[in-house]
1. Checking the structure you have, find out if any residue of the range 29-50 is assigned to a strand (DSSP E or B), within 30 Å of Leu161 (Cα to Cα) and under 47 Å from the mean Cα position of the chain (by Cα).
2. Given the condition polar (S, T, N, Q) and at pLDDT 90 or above, answer yes or no: does some residue in the range 137-151 qualify?
3. Within the range 187-202, is there a residue that is surrounded by fewer than 18 Cβ atoms within 10 Å (Cβ to Cβ), at pLDDT below 85, in contact with a strand residue (DSSP E or B) (Cβ under 8 Å, 6 or more places away or on another chain) and not in a helix (DSSP H, G or I)?
4. From Val53, Val62, grab the single residue that is farther than 20 Å from Val174 by Cβ, in contact with a Lys or Arg (Cβ under 8 Å, 6 or more places away or on another chain) and assigned to a strand (DSSP E or B).
5. Condition first: under 30 Å from Glu122 (Cβ atoms) and surrounded by 13 or more Cβ atoms within 10 Å (Cβ to Cβ). Can you find one or more residues in the range 22-41 that meet it?
6. Note down all Cβ pairs under 8 Å where the first residue falls in the range 197-219 and is in contact (Cβ under 8 Å) with a residue 40 or more places away in the chain, the second is outside any helix (DSSP H, G or I) and surrounded by 10 or more Cβ atoms within 10 Å (Cβ to Cβ), and they're at least six residues apart or on different chains.
7. Consider the range 163-186. How many of its residues are small (Gly, Ala, Ser) and assigned to a helix (DSSP H, G or I)?
8. Please work out if Lys98 is more than 27 Å from Val52 (Cβ to Cβ) and either of a type in the set (D, E, K, R) or not in a helix (DSSP H, G or I) (or both).
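The values are calculated or read from the model by the stated rules, or taken from the named source; none is laboratory data. As the structure is a computational prediction, the values presented were derived from the model and not from experiment. With ideal geometry, Cβ positions are generated from the backbone for all residues, glycine too; neighbour counts draw on all protein chains shown.
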Amino acid sequence: MNPITLFFVVTLLLAGALAGQFVNPLLAAPFVLAAALVALSLKMANVWQRFVVLRAGNFLGVKGPGLFFIFPILDNVAQVIDQRIQTTAFNAEQALTKDTVPVNVDAIIFWRVHDAEKAALEITDFRQAIDRVAQTSLREMIGASMLSALLAERKVADAQLRDEIAKKTEHWGVSVSSVEIRDVAIPVALQDAMSRQAQAEREKQARVILGSAEAEVAAKFVEAAETYGENPMAFQLRAMNIIYETTKERGATILIPTAMVDSMNPNTALTLALANKAPSAAAPVAAPTPPRRPAKT
């Protein structure tokens, strides 16, 4: 009983009690009868509720929202429909994909009743029917999809599943707003195999990148060799620069083959490197002190 109906019923009962006590006991009966009629006939539907009313077994109409009256005994509320968005979780266990891989899929559907008359008259229990249709459609979608597509194209699978469920529930006055696949679980052995495959793909990509880098470096070396071959002076300058770079660090010992030094002729660079390592100035040497002669007495 809603608060408004309860208020009127209590008011009538109190009025009947006061009238029977202070005026005439027979006056209490009409107030009690009126309270019973108000309790049976005055109904209130919230803004999200729809009351499906039958009169003598025939469909009378959908009432709500707000206050409305029905005839007691003749009319009855067959069902109260909630038109807010509802959520239903469903799953498919050990469902085989198109490439015969068993998967466990968990999903959730968002739906609402847009036609209370159809939801009450066309089907016995639309909530249970939505759950069954969602599970069946999910298994059909899994059976028609490859595992790779099911894992990678989650949004496409959601849209396909939503359209399929919406076609089946439209005749019941139920509209499906969205379907979301929450999780796709695959066997552990297959997870290990896919992990090894991903590692192999990454290793292959790394080797391809390394090979491309080696090819670019080799091409640059060939280009440099052609330049040095056409200009011997540039080759000698490069050799001297290499020797200078290797000998400028103090405390380093460099071993260079004599044949390589002779072919490069880096005498000037080697001389400069040795000069940089030598002390900048020699320390002055003190002159010897002549011996002192003994004094004459």
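1. yes
2. Within the range 137-151 (the criterion being polar (S, T, N, Q) and at pLDDT 90 or above), the answer is yes, since at least one residue qualifies.
3. yes
4. Just one listed residue meets the conditions, Val53.
5. Checking the range 22-41: at least one residue is under 30 Å from Glu122 (Cβ atoms) and surrounded by 13 or more Cβ atoms within 10 Å (Cβ to Cβ).
6. none
7. 1
8. yes
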